[in-house]
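Enquirer: What follows is a single structure, and I will ask about it in a moment.
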Amino acid sequence: MLSDDTSQYQGPIEPGRPASSGGGGRGGDVLWALALAAVIGVLGLGLGLLWHALAPTLPLRIVEDGAVYTSPEPEQLAAAEGWFVLLGLGFGLLCAIAAWVLLPARRGPIQLAGLLLGTLIAGWAAWWLGHDVGLAAYQDQLKNAPVDTIVHRPVDLRAVKKLTFFPYAIGGALLIPALAAVVTYALAAAWSRFPSLRRHEDEQEWAEHDDDQFIAGAGPS
């Protein structure tokens with residue numbers, strides 16, 4: 001009687017697979033995302049200085065009861081908002097491109113979350129520093145300058161309002177850097193030909209898949 005030798009065949013031998021990603025896996029991705037958010041948040045201070053340098057200040061005339069506009073519809077209010085929007089769009093776009101190009105091994109939703117957090121912080125930091133430069137001198141002039149003196153209020157955003165339960169409301173133009181960053185990153189991900197967005201991981205997986213098919217084809221028929 002013939003023995004069934006094929007019962008000892010266990011199928012194709014699986015080659016040893018390395019870890020899915022280097023540098024700590026998901027924990028490493030989180031740390032890199034937090035570092036990315038911190039760096040972008042600090043860069044937001046530079047954005048604020050640039051906004052302060054480019055956007056026009058608002059001229060006000062000192063009167064008996066305080067200060068009034070020098071014109072019925074001052075253009076400086078819209079100009080300050082416009083400059084912040086334009087600079088914020090460029091800032092968010094550059095941050096997304098830099099994160100995508102410089103940290104290809106960390107691409108994915110965690111990196112996007114770090115990018116979003118960083119640009120949200122940067123938007124607030126840019127408004128805070130850009131508005132704070134010269135604010136103390138302006139407030140001193142409001143108290144001590146004689147009537148009919150022209151003073152210049154530092155750049156500001158009308159979308160930022162003081163609240164009782166939180167120092168400031170975050171909204172409006174402050175969200176522009178985050179919006180630009182998320183849209184740019186999403187477009188880059190949509191155009192990527194790698195499912196995981198990480199080229200080295202996908203190429204490694206494809207190579208291992210080809211090796212598996214080769215080994216499976218070498219088994220007995």
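Enquirer: Ile170 fails exactly one of the following numbered conditions: (1) part of a helix (DSSP H, G or I); (2) modelled with pLDDT under 90. What is the number of that condition?
Expert: All conditions pass for Ile170, except number (1).
Enquirer: Turning to a different aspect of this structure: For the range 116-160, which residues satisfy the criterion of being β-branched (Val, Ile, Thr) and farther than 29 Å from Ile97 by Cα? Let's see the steps before the verdict.
Expert: If we filter the range 116-160 for residues that are β-branched (Val, Ile, Thr), which is where we start, we get 119, 121, 133, 147, 149-151, 155, 160.
Listed by number, the residues that qualify are Val133, Val147, Thr149, Ile150, Val151.
Enquirer: Working only within the range 46-78, note down all residues that are surrounded by 14 or more Cβ atoms within 10 Å (Cβ to Cβ) and closer than 18 Å to Gly171 by Cα.
Expert: Matches in the range 46-78: Leu47, Gly48, Trp51, Leu77.
Enquirer: Of all the residues that make up the range 60-119, how many are part of a loop (DSSP other than H, G, I, E, B) and either within 11 Å of the chain's Cα centre (by Cα) or over 19 Å from Arg153 (Cβ atoms) (or both)?
Expert: Just the residues of the range 60-119 that are part of a loop (DSSP other than H, G, I, E, B), to begin with: 64-65, 70-74, 103, 107-108.
Filter once more, so that each one left must be either within 11 Å of the chain's Cα centre (by Cα) or over 19 Å from Arg153 (Cβ atoms) (or both): 103, 107-108.
The total comes to 3.
Enquirer: Of all residues in the range 116-161, count the ones that are touching a Phe, Trp or Tyr at 6+ places or on another chain (Cβ under 9 Å) and of a type in the set (D, E, K, R).
Expert: Residues that pass the stated criteria total 3.
Enquirer: If you go through the range 78-132 one residue at a time, how many are β-branched (Val, Ile, Thr) and under 16 Å from Ile176 (Cβ atoms)? Break it down into steps so the answer makes sense when it comes.
Expert: Step one: list which residues in the range 78-132 are β-branched (Val, Ile, Thr), which gives 85, 97, 101, 110, 119, 121.
Going one step further and asking which of them are under 16 Å from Ile176 (Cβ atoms), we end up with 85, 119, 121.
Qualifying residue count, the range 78-132: 3.
Enquirer: I would also like to ask the following. Which one is farthest from Gly44 (Cα to Cα), of the residues in the range 129-157 that are in a helix (DSSP H, G or I) and within 28 Å of the chain's Cα centre (by Cα)?
Expert: Keep residues of the range 129-157 that are in a helix (DSSP H, G or I), which gives 129-132, 135-144.
Now restrict to residues that are within 28 Å of the chain's Cα centre (by Cα): 129-132, 135.
Numbers: Leu129: 9, Gly130: 10, His131: 13, Asp132: 14, Leu135: 19 Å.
Only one residue fits best here, namely Leu135.
Enquirer: Which count do you get for residues in the range 128-161 that are small (Gly, Ala, Ser) and at pLDDT 90 or above?
Expert: Here is the first cut: in the range 128-161, the residues small (Gly, Ala, Ser) are 130, 134, 136-137, 145, 159.
Those left that are additionally at pLDDT 90 or above: 130, 134, 136-137.
Total satisfying the criteria: 4.
The values are calculated or read from the model by the stated rules, or taken from the named source; none is laboratory data. Computed from a prediction, not measured in an experiment: that's the story for all the values here. Positions of Cβ are backbone-derived with ideal geometry, glycine not excepted, and every protein chain shown enters the neighbour counts.
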